[in-house]
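The values are calculated or read from the model by the stated rules, or taken from the named source; none is laboratory data. The shown structure was predicted, so the numbers you read here are calculated from the model rather than taken from an experiment. Ideal geometry is used to build each Cβ from the backbone, glycine not excepted, and the neighbour counts take in all protein chains shown. Quick note on the areas: whole protein, heavy atoms, side chains included, nothing else; ligands and nucleic acids left out. Shrake-Rupley method; radii C 1.70, N 1.55, O 1.52, S 1.80 Å.
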Amino acid sequence: MTTSKTLLILGASGDLTERLLLPGLGSLVGGGVDADRELISGLRIIGSGRSERSRDEWQKTVKTAFDGVEAKGATANALVKDADYVVGDPTSKDDLTKILESVEGSLVVYFALPPAIVSEVIQTMASVDLPEGTVFALEKPFGSDSRSAATLNRHLLKLVPEEQIHRVDHFLGMSTVLNILGLRFVNRLVEPIWNNQNVEKVEIVYDEDLGLEGRAGYYDNSGALIDMLQSHLLQVLSIVAMEAPTRIDPVDFRAATAAVLRATSVWSGAPMLPGTDAVSRRARYGAGTVGRRTMPAYASEEGVDPSRETETLAEMVVEVNTRRWAGVPFVLRSGKAIGSPVKQVVLTLKPVGFVPAGLTGSESRERIVVGLRPPTLTFELTLNGDGDPFSLARHDLTATLDPSPLTAYGEVMRGVLGNDPTLSIRGDVAETCWRIVAPVLNSWKRGDVPLEEYPAGSQGPRAWSRDVAE
């Protein structure tokens with residue numbers, strides 16, 4: 001017999017719910033395995049927000065999201081039919097009580113809310129009765145610094161235990177990020193060279209051609225460093241640099257990624273960013289053209305306060321002080337309004353110690369490139385014998401990987417609804433990520449690192465080099 005369960009989405013009228021969360025849930029219907037469909041069978045989706053919305057309008061929203069990911073059939077129809085919407089302010093005890101009266105069975109609360117409001121809601125929840133076994137799912141950024149993250153953790157743990165808290169980072173649900181596990185730990189060719197004896201540097205890049213896209217209310221208070229590097233790219237780094245866990249489960253897997261981030265700090269070696277002695281740099285886009293779109297300067301976008309000097313492109317260099325990775329720089333970069341964006345992890349290998357005399361031609365750096373979007377894997381190798389048997393040239397061996405039937409948020413929702421926190425961020429890790437970026441944020445606040453500009457549609461400021469695969 002199926003146990004009833006309610007998914008309560010706070011902030012259901014926002015962009016996150018319609019663009020990512022509901023389609024992710026739908027992918028469990030359309031692309032999941034039987035266990036996934038069993039997971040959502042009997043689920044009731046209740047949306048809640050301050051905006052007025054009827055039950056019919058909410059059901060149409062759910063159906064549109066499901067249709068977009070080909071989620072059809074009896075299970076999808078039942079989820080749409082049972083969906084409901086409750087207007088209310090979750091920071092109000094009376095409204096929150098009214099919202100919770102709609103809950104049936106066990107409860108999963110998804111906080112699709114701005115970080116500042118999440119803290120208020122958590123404190124309000126301390127004054128109401130929650131069903132036993134309630135599960136929380138919270139979006140990044142988790143707090144605004146390590147202190148506020150620690151405070152939020154304390155408030156959460158007064159309501160539910162750590163194993164029932166899912167701090168969501170959908171990058172951990174991306175199949176291409178998870179593919180790194182198989183590449184590293186199951187591949188006889190790759191596993192022995194994944195270390196500082198063979199790797200010269202690691203670059204984790206996630207550039208986008210998108211601009212602000214109406215998200216000024218959130219983005220202008222965070223910027224690229226907090227929005228992408230502090231959360232997403234540090235989580236990718238933790239998988240790239242982790243030691244092999246005994247098993248992929250909530251205990252061993254998360255312990256391995258946490259150990260990496262505890263050992264991670266701002267780079268202390270020789271300067272790694274061309275043209276600067278700093279370990280970070282920042283810029284924001286000016287007016288320009290991206291593809292066929294004409295884009296205004298970021299500072300002119302609606303809702304932006306130019307005096308904040310919010311960056312739309314950020315780079316920082318960190319080090320992982322472990323036996324495996326000591327001395328290897330990890331370059332993290334993410335930007336918006338980039339003309340030819342790449343989304344990939346690149347490991348540049350050290351040159352071989354000896355090349356026999358008589359081999360001629362270009363000796364290119366060998367690299368392992370994991371494409372995050374689109375999903376690809378490329379080995380950039382130096383080979384000879386192409387026409388001239390003694391001439392060296394670069395050859396790329398590329399495989400296109402099959403995309404997962406689940407969206408990244410589908411993978412997230414699988415863990416949340418099944419209360420499997422393997423791909424959720426542990427409380428101490430959320431605090432650690434803020435500790436890692438704090439020196440960079442502080443140097444920017446002091447004005448030690450200038451805010452540069454680049455035209456929308458370019459690759460960033462002209463003086464910046466992006467040594468990644470094109």
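Details
- Boolean, Ser27 is over 22 Å from the mean Cα position of the chain (by Cα) and over 19 Å from Arg55 (Cβ atoms): no
- For segment 240-289, a residue qualifies if it is of a type in the set (Asp, Glu) and touching a residue at least 24 places away in the same chain (Cβ under 8 Å), and the qualifying residues are Glu243, Asp249.
- The residues in segment 334-363 that are β-branched (Val, Ile, Thr) and closer than 25 Å to Arg184 by Cα can be counted, and the count is 5.
- Elements of the type helices (runs of 4 or more DSSP H) sitting completely within segment 126-239 and holding at least 3 residues that are out of contact with any strand residue (DSSP E or B) (no Cβ under 9 Å at 6 or more places or on another chain) and free of Cβ contacts under 8 Å to residues at least 40 places away in the same chain: these cover 146-157.
- Residues that are part of a strand (DSSP E or B) and open to solvent by 20 Å² or more (accessible area, probe 1.4 Å), drawn from segment 240-268: Ser265, Val266
- Restricting Asp89, Asp36, Asp82 to those that are open to solvent by less than 20 Å² (accessible area, probe 1.4 Å), among the acidic types (Asp, Glu) and in contact (Cβ under 8 Å) with a residue 12 or more places away in the chain reduces the list to Asp36.
- Residue that is most open to solvent (accessible area, probe 1.4 Å) [pool: residues in segment 204-233 that are of a type in the set (Asp, Glu) and over 16 Å from Val168 (Cβ atoms)]: Glu213
- The single condition from (1) open to solvent by less than 80 Å² (accessible area, probe 1.4 Å); (2) over 30 Å from Leu349 (Cβ atoms) that Arg324 fails is (2).
- Of all residues in segment 75-82, none satisfies being within 22 Å of Ile122 (Cβ to Cβ), among the β-branched types (Val, Ile, Thr) and touching a helix residue (DSSP H, G or I) at 6+ places or on another chain (Cβ under 9 Å).
- Those residues of segment 269-295 which are surrounded by fewer than 18 Cβ atoms within 10 Å (Cβ to Cβ), farther than 14 Å from Lys336 by Cβ and of a type outside the set (A, V, I, L, M), in sequence order: Gly269, Pro271, Pro274, Gly275, Thr276, Asp277, Thr289, Arg292, Thr294
- Out of Arg44, Arg50, Arg55, one residue alone is in contact with a strand residue (DSSP E or B) (Cβ under 6 Å, 6 or more places away or on another chain) and open to solvent by 80 Å² or more (accessible area, probe 1.4 Å). It is Arg55.
- Meets criteria (at pLDDT below 95 and hydroxyl-bearing (Ser, Thr, Tyr)) for Ser458: no
- Checked against (1) polar (S, T, N, Q); (2) open to solvent by 60 Å² or more (accessible area, probe 1.4 Å); (3) more than 18 Å from Asp169 (Cβ to Cβ), Ser144 meets all criteria but (3).
- Here Arg50 fulfils each of the conditions (1) over 20 Å from Gly88 (Cβ atoms); (2) in contact with a Gly (Cβ under 8 Å, 6 or more places away or on another chain) apart from (1).
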